[in-house]
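The numbers here are math on the coordinates, done by the rules we state, and not lab data. From a predicted model like this one, the values you see are computed outputs, not experimental measurements. When we count neighbours, we look across all protein chains shown, and the Cβ atoms used for this are built from the backbone with ideal geometry, even at glycine.
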């Protein structure tokens, strides 16, 4: 492997390491470098012997995405298994001598010489969240998570077992102008590969980057289609409508290089150093865009300031991920009609395929490495032979995209106690063939059947569904009405109850006598946080479900609108309201938990941050907390009737024996309402 950087002043590491799956006999990490790195993994348990493992081609797979950009996919099988519930220092040495303290000191907490990890014996303490938009004007929930970790960095039993990112880790469809400029500077700096663009108004990626509408006017460059949805269109030949339905497409990412650059710049401060001092584009001085540019620049500067803390959290805690729509584009696969339109146009198909390719390399692989071996072989063939303009072979690129669009192994399971089952609610949808414009079910019959088989025999399970399984009823009703009048895309009408078949199948899984009695459902997507205690009616046994939603990590719902929706929901769907019987949730009894910092009656919590749940020995929530990114005291979601005591939540980790017993008494004594809230 070459040890000499193609550009001497580029840092050898651009992003990472990110700690992905941890098992007793296996360790998975992700790293991006400007060169192919000779790496040695060091593992040093506090109470055991140190291991040094030279990472060869079997344990570190390299994927070259540019002249000076290499993704390092590290999957190490360990001869000596990792001890559980103890601190394990680790390091990645470059050329057997330069460790993380040398090339990424921002990843070390005060007093550390190396980062560390903990392999927990139980999945009883989980951090979770979704929706991290760099230019949203709030602080970063991942940085808040790092501050929590710093308080207990030396306490193995107080460390979270998992950081679960539930979707929208990046926003491909909603990008700030200064972020797009940094992406383009990074593309030039690293020589990220370009591509030809069939069906576009520009020939290739270089023409796109140089186009007058590249910044703030990209919606004009995105693909469109002829619509014949109404009588006027049929008589006058149809009207041109956009394929992509996002309202924020001004800087929608298009090329694979742009999306790879977005990942690097949202995961690490090192990538930003590579573009320091690069000149701003002309739009920064344009009269129409200058004010917006300045406003976004200030927010992006604040985002960059917290990136070292966010990266440090990802280097210390096992981090798993799943996509949602904004990781690709808004309304991705919302309906059969959307799919037919988007995949029937070569340009929009390429845009979606590029996002999936980048997701695989930067997120999906680390969740389930063994599922992607053959796909990575195809990637190697694609990246091996760019043309004389450093553009990818369009035939190979389209073939890879065809493969990814048909791929059905994005979901995964952790066989832990309790089991963690992460659902793919985007690519295996239950399409509405009768009315293709209506929302698809979030999972089809086959994938729901596989979920049921996966749940058989388990006592408890944590299910990760990007969209909440049980959401705010008023919002679901509004989405249903909008769907009826043909506006499903306008209101993002995606919820589990929007498709009768998927909703019924999911409820029947919960009712099955051999599936778990306790479920915790972790979700994001909606840009506000809430918790429901749920019982499924009309069942021989009563499964207990806790719908726990934390959203967003760096995003929020419009405050006044959410206030009104929350209030109207309480008025219209109170336990005694007959409106409950006109919804698809009449087979459920839901009881909201109340935020302890709420105003009168408030059920929904609005504010960027990161959620945390502690589980007892039976897989039931002991405590549920939303850690606010703005450093306000953490918000606890309390069962109705529980006193608002002001005790601080327990240290992250297994609850004490007395705490677990108290949680069990509370749970056993709670009799959920027999009426629907």
Original post:
For segment 90-148, what are the per-bin percents of Cα-Cα distances with bins 5 Å wide, up to the bin holding the maximum?
Top reply: 4, 13, 17, 15, 18, 17, 12, 3, 0
Subject >> Estimated FRET transfer efficiency when R0 is 22 angstrom, pair residue 290-residue 213 (beta carbons, to 0.05) >> reply: 0.85
Original post:
What's log10 of I(q)/I(0) for segment 294-368 at q = 0.21, 0.28 Å⁻¹, Debye sum over Cα points only, no solvent?
Top reply: -0.99, -1.18
**OP:** Highest first, please rank the peptides 256-265, 504-513, 108-117 by the mean number of other Cβ atoms sitting within 10 Å of their residues.
**Re:** 256-265, 504-513, 108-117
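Between residue 157 and residue 537, what is the FRET efficiency for a Förster distance of 30 Å, r being their Cβ-Cβ separation, to the nearest 0.05?
0.15
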Original post:
So between residue 570 and residue 598, what do we pick up on full extension, going 0.36 nm a residue minus the alpha carbon distance?
Top reply: 8.6 nm
**OP:** Give the Rg/Rh ratio for segment 118-232, taking Rg as the radius of gyration of the Cα atoms and Rh as the Kirkwood radius, to two decimals.
**Re:** 1.15
Original post:
So what is the orientation-averaged projected area of segment 330-401, using the convex hull of its C-alpha atoms, in nm²?
Top reply: 5.7
Original post:
Once you sort the root eigenvalues of the Cα gyration tensor of segment 58-110 as a ≥ b ≥ c, which label holds: rounded (a/c under 1.5), prolate (a/b larger than b/c) or oblate (the other case)?
Top reply: oblate
Subject >> Packing-based order for 365-376, 411-422, 10-21, 39-50, using average beta carbon neighbours within 10 Å, highest first >> reply: 10-21, 411-422, 365-376, 39-50
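Please grab the % of Cα pairs in segment 296-430 that end up more than 17 Å from each other.
Result for the distance tail: 68 percent.
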Original post:
Calculated FRET efficiency, residue 445 and residue 98, Cβ-Cβ r, R0 45 Å, to nearest 0.05?
Top reply: 0.30
Original post:
Could you give the nm distance between label points at residue 340 and residue 416, where each point is 7 Å from its Cα heading toward the beta carbon?
Top reply: 4.3
**OP:** Normalising by the residue count of segment 360-457, find the relative contact order in percent from Cα pairs under 8 Å and 6+ residues apart.
**Re:** 15
Original post:
Which whole-number percent gives the relative contact order of segment 61-196, counting Cα pairs below 8 Å spaced six or more residues apart?
Top reply: 30
Subject >> Packing-based ranking, highest mean first, of 148-161, 276-289 given that Cβ atoms within 10 Å are counted >> reply: 148-161, 276-289
